[in-house]
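Just so it is clear, none of the values below were taken in a lab; they were calculated from the coordinates. All figures in this text were calculated on a predicted structure; none of them were measured in a lab. Cβ placement follows ideal geometry from the backbone for every residue including glycine, while neighbour counts extend to all protein chains displayed.
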């Protein structure tokens, strides 16, 4: 195995969600292990104080040794950043990233590692301008598509971006 990909689903989703499943397939095809933590019990309350528990769960699923890549969509992307600070990782792949969560005291933060983002121009939940600013400040690869928050019309496109991202890490 080349390493482990921790795939974190969004708030109104689950570990079998379309996007994280497509990313899992791409990772497996390239010789990476994939883990998809289930956060639905934490998300059920919609309490922003549970975000820290989400981050802790992602970290619990990361192996103690070996390369790790954190990837996720929406809330899954948001928690991948702080997880990357706590556990050394090879990279971050973030879809539909919220750079802040109303009521949560911290803005998005992440380790200085290779990073790629995919975001919809018409994202109704996470303003595209904030993501552009974040990507510019980090010199991160940013892929903007004509889609909304769910990126439903670009699942295969995101999986291909992820595949290329993992290849570039080698």
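Figures for the structure shown
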| quantity | calculated |
| --- | --- |
| Ranked 7, 42, criterion: other C-beta atoms within 10 Å, fewest first | 42, 7 |
| Bins of 5 Å from zero: percent of alpha-carbon pairs in the chain | 2, 10, 20, 24, 23, 15, 5, 1 |
| Spatial separation of Cα centroids for the range 34-64 and the range 106-170, in angstrom | 21 Å |
| Geometric extent, Cα atoms of the range 50-105 - Rg, Dmax (angstrom) | 10.9, 35 |
| Estimated distance in nm for a label pair at residue 86 and residue 112, the labels positioned 7 Å out from Cα along Cα-to-Cβ | 2.3 nm |
| Percent RCO, i.e. relative contact order, over the range 1-103, from Cα pairs under 8 Å lying at least 6 residues apart | 32 percent |
| Potential lengthening between residue 137 and residue 49 on full extension [0.36 nm per residue; Cα-Cα distance subtracted] | 28.9 nm |
| Global geometry of the range 9-85, whether rounded, prolate or oblate, following the gyration tensor of its Cα atoms and the 1.5 cut on a/c | oblate |
| Where labels lie 7 Å past Cα in the beta-carbon direction, separation of residue 29 and residue 128 in nm | 2.7 nm |
